[in-house]
Amino acid sequence: MDLRKLKTLIDLVSESNISELEITEADGKVRIVKAEAHTGNMPMMMVPAPLAAPAPVQRSAAAIAADAAEAAAIAEAETGHVVKSPMVGTFYRAASPGGKPLVEVGSQIKTGEPVCIIEAMKIMNEIEADEGGTIAKILCENGQAVEFGQPLFVIDRRG
């Protein structure tokens with residue numbers, strides 16, 4: 001998408017009552033979000049859509065990054081195999097709200113068994129264990145935003 005077209009789109013969003021605009025073309029995808037400002041000016045923010053995931057309203061991006069770093073440090077300290085998130089999204093322990101968690105600490109699992117759900121772009125993705133063993137540690141909270149490569153579980157392969 002050329003720069004003139006982007007500027008035109010930014011101006012349109014700026015002058016209108018819409019708060020977000022997403023355009024997909026053959027050469028890429030652009031998402032323009034009007035940021036809330038406490039002053040009279042309305043700054044614009046352009047985010048490449050495939051790289052951006054909406055964070056929960058109550059948590060900042062810094063808090064999510066800190067949680068990911070903390071989980072990575074915990075996983076490194078643990079012995080066993082670490083199951084990592086294959087995508088950015090929201091972590092769920094159960095297949096449905098209020099449902100029974102797919103795994104608990106101490107659960108015996110086999111390679112290929114589902115261990116959690118990650119919601120990305122309104123699609124529920126079933127995440128499978130890439131190794132068998134016993135769930136030694138669950139590193140994420142239900143409903144937590146997760147990053148690509150973030151540790152989710154520690155599997156004790158001896159179990």
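For this structure, a couple of remarks:
- Counting other Cβ atoms within 10 Å as a rough exposure proxy, the listed residues F153, F91, F148 run F148, F91, F153 from fewest neighbours to most.
- Under 5 Å from the amide H of Q150 lie the amide H atoms of S85, each residue being 5 or more positions distant or on a separate chain, with H modelled from the backbone and absent for Pro and chain starts.
- Sorted ascending by nearby beta carbons within 10 Å, beginning with the fewest, C116, C140 become C140, C116.
- Relative to the current alpha-carbon distance between K5 and E113, full extension at 0.36 nm per residue lengthens the span by 34.2 nm.
FYI, it's all coordinate maths here, none of it is from the lab. All of these numbers come straight from a predicted model, not from anything done at the bench. All Cβ positions, glycine included, derive from the backbone under ideal geometry; neighbour counts span all protein chains shown.
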